[in-house]
Amino acid sequence: MNAIKKRAAYALSISVAGIFLLSACTQEQQNKISRDIQNWTGTNGVLEIYAGDKVARRFIKIDKLSTAMGTDDNKPRPYRYGYGILDENLNMVVDPGEKKVYFEISDYASNYVFFENPR
């Protein structure tokens, strides 16, 4: 019984310390920690690309959308990339024949929305 109480007290003290450390972080640092956790756990993301006011392409089951970085200068490039299932019939469901593909989208010419699938 004593060992269980010690473990519970240890777990509680670690949790309290973590909360205090997190509250000391700036909002930007907290957002980065949240993104790092999401990158580790994954996201059921959806990317919709628009042509005017209509959805032209939809990718589902995206783990993350990454910003391309330059090889020599390590500066961000003006496009994003990722892997997802091309939802050919735009029904938000992986149907037979719909496969995982690599995609790139430009920051300049693409109207797009990336969001977590609510289903």
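Total residues in segment 57-89 satisfying the condition of being modelled with pLDDT of 95 or more and among the hydrophobic types (A, V, I, L, M, F, W, C): the figure is 4. For segment 45-71, a residue qualifies if it is surrounded by 13 or more Cβ atoms within 10 Å (Cβ to Cβ) and assigned to a loop (DSSP other than H, G, I, E, B), and the qualifying residues are Asp63, Lys64, Leu65. With respect to Glu28, is the statement that it is surrounded by 14 or more Cβ atoms within 10 Å (Cβ to Cβ) and either of a type in the set (Asp, Glu) or modelled with pLDDT under 80 (or both) true? In short, no. The residue that is modelled with the lowest pLDDT, among those in segment 107-119 that are of a type outside the set (Phe, Trp, Tyr) and closer than 14 Å to Arg57 by Cα, is Ser110.
Inclusion of Asn74 among residues that are among the polar types (S, T, N, Q), loosely packed, with under 12 Cβ neighbours inside 10 Å and under 15 Å from Ala56 (Cα atoms) is not warranted. Of all residues in segment 78-106, those satisfying the criterion of being outside any strand (DSSP E or B), within 20 Å of Ala51 (Cα to Cα) and without any contact (Cβ under 8 Å) to a residue 40 or more places away in the chain are Asp87, Glu88, Asn89, Leu90, Asn91. Counting the residues of segment 77-105 that are farther than 21 Å from Pro118 by Cα, surrounded by fewer than 14 Cβ atoms within 10 Å (Cβ to Cβ) and among the aliphatic types (A, V, I, L, M) gives 1.
The values are calculated or read from the model by the stated rules, or taken from the named source; none is laboratory data. Keep in mind it's a predicted model, so treat the numbers as computed, not measured. Note: ideal-geometry Cβ built from the backbone for every residue, glycine included; neighbour counts use all protein chains shown.
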